[in-house]
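Comments concern the structure below.
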Amino acid sequence: MKAIIKSKEVITEGGCNACVPFALRTFTMQLDNGREYALEQLDCGALIMPIAQVNHWQTRLWLEEEEGLIYQKGTQEVRFSENFRDARFATTDQTVICPKKMTEAQIFEQTNQILLALFKIEPLTFVHQNQEVHVTK
């Protein structure tokens with residue numbers, strides 16, 4: 001399966017005279033099913049959610065001693081939680097920790113490792129396409 005990541009940078013103003021313009025980067029991911037999914041950011045957690053859901057994993061909130069998501073498919077469960085330093089994907093047997101500071105190549109590699117080891121989903125080929133900068137007022 002192939003995942004095309006599209007990113008676009010938009011330079012926009014805050015809406016009032018006192019606000020300075022700022023840059024905002026947006027991401028979408030298109031999978032082989034032809035649909036595009038908005039990504040909150042470019043990290044393992046954001047990439048895994050739509051891929052898992054396309055592969056029939058359901059999600060629900062996890063609100064115990066930690067907060068996060070539980071991915072479930074049949075009797076299999078993967079728990080996802082994150083803090084300001086890292087994101088964690090865990091089953092009863094294995095935990096994979098994704099640091100927040102990673103290069104794009106490391107994010108794609110780590111995402112594939114998590115998909116294969118915890119979700120039993122074959123690795124994807126990630127392609128990142130940058131789009132031009134847009135200025136809005």
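The values are calculated or read from the model by the stated rules, or taken from the named source; none is laboratory data. From a predicted model like this one, the values you see are computed outputs, not experimental measurements. Here Cβ is always computed from backbone atoms with ideal geometry, including for glycine, and neighbour counts include all displayed protein chains. Just so you know, the surface numbers come from the protein's heavy atoms only, side chains and all, with ligands and any DNA or RNA stripped out. Shrake-Rupley method; radii C 1.70, N 1.55, O 1.52, S 1.80 Å.
Does THR111 fit the bill of being within 16 Å of GLU40 (Cβ to Cβ) and of a type in the set (Val, Ile, Thr)? When the stated conditions are applied, THR111 passes them.
Identify, by number, the condition in (1) open to solvent by 70 Å² or more (accessible area, probe 1.4 Å); (2) of a type in the set (D, E, K, R); (3) not in a loop (DSSP other than H, G, I, E, B) that GLU77 doesn't meet. In the conditions (1) open to solvent by 70 Å² or more (accessible area, probe 1.4 Å); (2) of a type in the set (D, E, K, R); (3) not in a loop (DSSP other than H, G, I, E, B), GLU77 misses (1) alone.
When segment 59-78 is filtered for residues that are farther than 15 Å from ALA117 by Cβ and within 16 Å of the chain's Cα centre (by Cα), the ones remaining, listed by number, are THR59, GLY68, LEU69, ILE70. If you go through segment 11-40 and pick out every residue that is over 13 Å from the mean Cα position of the chain (by Cα) and under 23 Å from LYS100 (Cα atoms), you end up with 4. Here the strands (runs of 3 or more DSSP E) wholly within segment 1-69 that include at least 1 residues being open to solvent by less than 50 Å² (accessible area, probe 1.4 Å) and touching a residue at least 40 places away in the same chain (Cβ under 8 Å) are 2-12.
Every test in (1) open to solvent by 40 Å² or more (accessible area, probe 1.4 Å); (2) touching an Asp or Glu at 6+ places or on another chain (Cβ under 9 Å) is passed by GLU104 save one, and that test is (2).
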